[in-house]
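The values are calculated or read from the model by the stated rules, or taken from the named source; none is laboratory data. This is a predicted model, so every value here is computed, not measured. Methodologically, a virtual Cβ is constructed for each residue, glycine included, from the backbone with ideal geometry; neighbour enumeration extends over all protein chains shown.
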């Protein structure tokens, strides 16, 4: 590692939708800032999803601040559209994104934060961790019991059905991702899905309008985790559209929770067993903040924050699931949390709020002890 040190007002860790959204606000205010992205392109999490992925939010609800998402507003964009939009967004606003620059360690040196990189260090008065909710793939430990000749992959590695060998395939995970992948697989093979906890399914287009029309008009999408309704909503994920019904119509066979694997056999909670040729683990992700050498999390590994403001002065989170509302980790709604964090950054530095972020006075908030 070289001894080079660069100094910034703000460093943003993560070049996905969260990092780009806060970058827009920082640029509007004229901060000296840098966005660090560990991969070699902007928004790599979208590149790492399957090719046929389709958002359940229409294009009219998929814009980041300052730039409209292109295309038919009522249509639903696919993976490559989102990736192209985010890459174009960074270029359009000439955001200072440094690619191939993973943050290896975040610490404090006096009043400044220090981020160690492979080729040096950068320091900042304030830091935004915008690494999002899709950090490290989570696969159950019992997956190791599968025989070597059973093809298995996490949903982040799944691109298309042809990458899996023909034969009986099991998708483990009954969320939106699991069902979308199962629908695609069902066209070419016998497909099964293991659903641990059944999620309620919301209609995609009730009464001829998209679901998110009602969520925005009623304000439900913005209900915070501090409200009673927001707390209830945050405890249960939901499917968008009649995904289980579609799966059944396509011939996908449903099972309960997968609890064990031995050789080519997967066992379910009710004792049923299934011989498989391939498994796709649509089992979600876990956060990884092991590189943060600061008291960021509680004993259970949860980040201690209030609306992204941590207990460490000058350190913020952005893009966490239910950071503040249902929209906190969604492409077209993250702008509200980004604007809020921008106001907190300005308030801490004693600056006026950036233009376009004055939804409320830029007053700092005190983070609670714990989540």
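Quick look at the numbers
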item	result
Any hit, region 254-273, residues being within 27 Å of residue 211 (Cα to Cα) and not assigned by TED's automatic domain parsing to the domain that holds residue 324	yes
Counted residues, region 86-132 - those being crowded, with 18+ Cβ neighbours inside 10 Å and assigned to a loop (DSSP other than H, G, I, E, B)	6
Test for residue 161: is it surrounded by 15 or more Cβ atoms within 10 Å (Cβ to Cβ), in contact (Cβ under 8 Å) with a residue 40 or more places away in the chain and either in contact with a strand residue (DSSP E or B) (Cβ under 8 Å, 6 or more places away or on another chain) or under 22 Å from residue 55 (Cβ atoms) (or both)	no
Identity of the residue in region 61-85, in a helix (DSSP H, G or I) and in contact (Cβ under 8 Å) with a residue 60 or more places away in the chain, that ends up surrounded by the fewest Cβ atoms within 10 Å (Cβ to Cβ)	61
Entirely in region 238-286, the strands (runs of 3 or more DSSP E) that have 1 or more residues that are surrounded by fewer than 17 Cβ atoms within 10 Å (Cβ to Cβ)	253-255, 258-262, 265-268, 273-275
Residue in region 207-226 that is closer than 22 Å to residue 160 by Cα and surrounded by 12 or more Cβ atoms within 10 Å (Cβ to Cβ) present	no
Residue check, residue 341 surrounded by 20 or more Cβ atoms within 10 Å (Cβ to Cβ), at pLDDT 90 or above and assigned by TED's automatic domain parsing to the domain that holds residue 129	yes
Meets criteria (assigned by TED's automatic domain parsing to the domain that holds residue 330 and without any contact (Cβ under 8 Å) to a residue 24 or more places away in the chain) for residue 19	no
Candidate set: region 345-371, residues that are in contact with a strand residue (DSSP E or B) (Cβ under 6 Å, 6 or more places away or on another chain) and surrounded by 16 or more Cβ atoms within 10 Å (Cβ to Cβ); chosen: the one modelled with the lowest pLDDT	367
Residue in region 94-112 that is more than 30 Å from residue 239 (Cβ to Cβ), free of Cβ contacts under 8 Å to residues at least 24 places away in the same chain, in the same structural domain as residue 26 (by TED's automatic domain parsing) and within 20 Å of the chain's Cα centre (by Cα) present	no
